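Have a look at the structure below before the remarks.
The values are calculated or read from the model by the stated rules, or taken from the named source; none is laboratory data. Model, not experiment: these values are computed from the prediction. Here the Cβ positions follow ideal geometry from the backbone for every residue, glycine too, while neighbour counts run over all protein chains shown.
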Amino acid sequence: MTRVAVIGTSHVAALKLAWDEIGGRYPHIEAEHFGMNRARFLKTSLRPDMTFGLPDDMRSDDATPRRLRGLVDLSTFDVVWHVGGWTFLQKPMLELCVDFNIDGFETSGHAHCMSQATFHACLDAITTKAMPDTAWHNWTPGRLFFSTVPRRNEIARQDALYHTGEPHSFKRVWDTADKHLNARMSAVAIQRVPQPDCTLDAYGFTKQKFGTEKPVSTDGSVDTAHMNTAFGVCMWDSFLSHAFH
């Protein structure tokens, strides 16, 4: 039996729903899911004894849900899949896509221009912020995997924020950023599980059919960040092909 820990932000939910649906096909794999909102997840850490979780003061706080007060012993799992925590910040990525004409990319008609050298320097800075601390570096090869947050639902392109950019440039910016992050992660023995191409539209956004139908809980608006069970199944297929090839 191979034990897999799926840890991460709220994006773990789609993977949990998917595993509930397809897990029976893989009797040799036991998967456990540990997800929480991003605000809490950013406060988690991996301790020297390989236990993972929130700091002690949060674990003893009555405001913390009981299910999050324990520690997960990652040494008891064969494979760890880290989801949604090590990812690009959305705001600077959006600014690159809509505020600049990047040399060699499709023109957006925007007044500001950016050289390739500056573009790659920006991506290096964004990637640095996405990198985990050294406790996650240089595990046994093939034991630690990660996935960034899904690319935005294609309906996000209806938002005025995206209208100043050339649609085709979004995919080129995100694909190039992925290459930067993949290289940095690979150098410390962390392997990426990519979002499958079949889930993406021509502009690099996630196809609408994979988006959650639940609205944003705070204001009832359309949630363009989270995905559904079908997306989770696609991600599991991607993970299994990378981790157990």
Please indicate, with yes or no, whether at least one residue in segment 153-174 is aliphatic (A, V, I, L, M), outside any helix (DSSP H, G or I) and on the phi < 0 side of the Ramachandran plot.
no
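Could you list, in sequence order, the residues of segment 62-106 that are of a type in the set (S, T, N, Q) and within 30 Å of Tyr203 (Cα to Cα)? Full working, then the answer.
Looking only at segment 62-106, we keep the residues that are of a type in the set (S, T, N, Q), and these are 64, 75-76, 87, 90, 101.
Within segment 62-106, Thr87, Gln90, Asn101 meet the criteria.
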Tell me, please, whether a residue that is surrounded by 12 or more Cβ atoms within 10 Å (Cβ to Cβ), over 18 Å from His11 (Cα atoms) and at pLDDT 95 or above can be found in segment 157-166.
no
Mind checking whether some residue in segment 184-200 is surrounded by fewer than 21 Cβ atoms within 10 Å (Cβ to Cβ), at pLDDT below 90 and either under 21 Å from Cys122 (Cα atoms) or in contact with a Pro (Cβ under 7 Å, 6 or more places away or on another chain) (or both)?
no
Might you check whether a residue that is more than 30 Å from Pro141 (Cβ to Cβ), under 13 Å from the mean Cα position of the chain (by Cα), buried (at least 19 other Cβ atoms within 10 Å of the Cβ) and at pLDDT 90 or above occurs anywhere in segment 226-236?
yes
For His180: the one exception among (1) under 18 Å from the mean Cα position of the chain (by Cα); (2) crowded, with 20+ Cβ neighbours inside 10 Å:
(2)
Given the criterion closer than 30 Å to Asp133 by Cβ and not in a loop (DSSP other than H, G, I, E, B), identify the matching residue among Ala189, Ala183, Ala230, Ala225.
Ala183
Can you tell me which residue in segment 104-156 is surrounded by the most Cβ atoms within 10 Å (Cβ to Cβ), limited to those that are at pLDDT below 95, among the charged types (D, E, K, R) and under 20 Å from Gly8 (Cα atoms)?
Arg151
I want to confirm something. Restricting to segment 1-53 and keeping residues that are assigned to a helix (DSSP H, G or I) and of a type in the set (Phe, Trp, Tyr), which single residue is nearest to the chain's Cα centre (by Cα)?
Phe41
Conditions (1) free of Cβ contacts under 8 Å to residues at least 24 places away in the same chain; (2) surrounded by fewer than 20 Cβ atoms within 10 Å (Cβ to Cβ); number of the one not met by His28
(1)
Identify all residues within segment 71-103 that are modelled with pLDDT of 95 or more and not in a helix (DSSP H, G or I); write none if there are none.
Leu71, Val72, Asp73, Phe77, Asp78, Val79, Val80, Trp81, His82, Val83
